[in-house]
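See below for the structure under consideration.
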């Protein structure tokens, strides 16, 4: 009762501050009319969002195993330097191809898994095969026996705008399928140190432990992101949540299905963000883009005609806001494909087509901006 009184006092106080002649908007009446609801959209796609149940083993290094007395007293076998612990975990996933039985989830959901089961909304359990995983983007692809499955249609995350309404669907805390809603709070979040390739959608749609790998959909019911992480300084949800854009996840999935791993591409350049100081040095009025700091001699970028000091402003027609975005585009492009770069060179725009080549193993493991 006390809560209701406090609310009424607050509302009354606000009303008293209203200017003379102010009239509050009438509360709409929905008797006999249609009440706005997301239920029709959700009913068509929630069968495509699944629970991922994992059993696995993880190694635990015990400093006591280095003690000869401890080893002798507990008869620890010679050479054993670690112990194995079995664990059970759960997360979420999204069926994206019903005909082939492909399921997208996060790589960290199935990390160290010995067995993986996919549980659908109607409690059907399917043993899953791991097709491939990519820790750099935190994306994994599973395959289950196709049949009466429902796939969530893929959207276009490049068309998202800040303020668009989105819905998160997953299995938080093992409670079962849960739906939360919010908006796109920001786009292109990077530099968080969560993954090697970061281009996150930030949303205030509530995401919690167990939501990892679940769906972020727009109001058309199209999949625009794979829920991945939250910022939780106090251990709970504070409304800052992140999802991998579906366009990035789709590129990773294509390679995982085809090769079982992601083959990183490169063109042989070092890139950095355009800063106000660099913009002044380049005598450009542009405020965003990626600067080519160095071109590797003999690389595909060198052969295509890219030069140090070129300001890349678009890749394949998509505006480039910074070095991280360009790095992601290059690194996730299939080997042998070409990228059309629009560059600003001394105030004149040029189009340069560069072929993406296979990155050496040591370059693929680096998380710098050299691509």
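Nothing in this text is a laboratory measurement; each read-out follows from the coordinates by a stated rule. Everything numeric here is computed off the predicted structure, so don't read it as measured data. Counting neighbours? That spans all protein chains shown, and the Cβs are built from the backbone with ideal geometry, glycine included.
Here are the numbers for this structure:
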read-out	value
Within the range 85-187, strands (runs of 3 or more DSSP E) holding 3 or more residues that are touching a residue at least 12 places away in the same chain (Cβ under 8 Å) and buried (at least 22 other Cβ atoms within 10 Å of the Cβ)	102-105, 139-143, 165-170
Matching residues, the range 324-350, being part of a strand (DSSP E or B), under 27 Å from the mean Cα position of the chain (by Cα) and touching a residue at least 60 places away in the same chain (Cβ under 8 Å)	339
Qualifying residue in the range 351-362 (condition: more than 20 Å from residue 275 (Cβ to Cβ), assigned to a strand (DSSP E or B) and free of Cβ contacts under 8 Å to residues at least 40 places away in the same chain)	yes
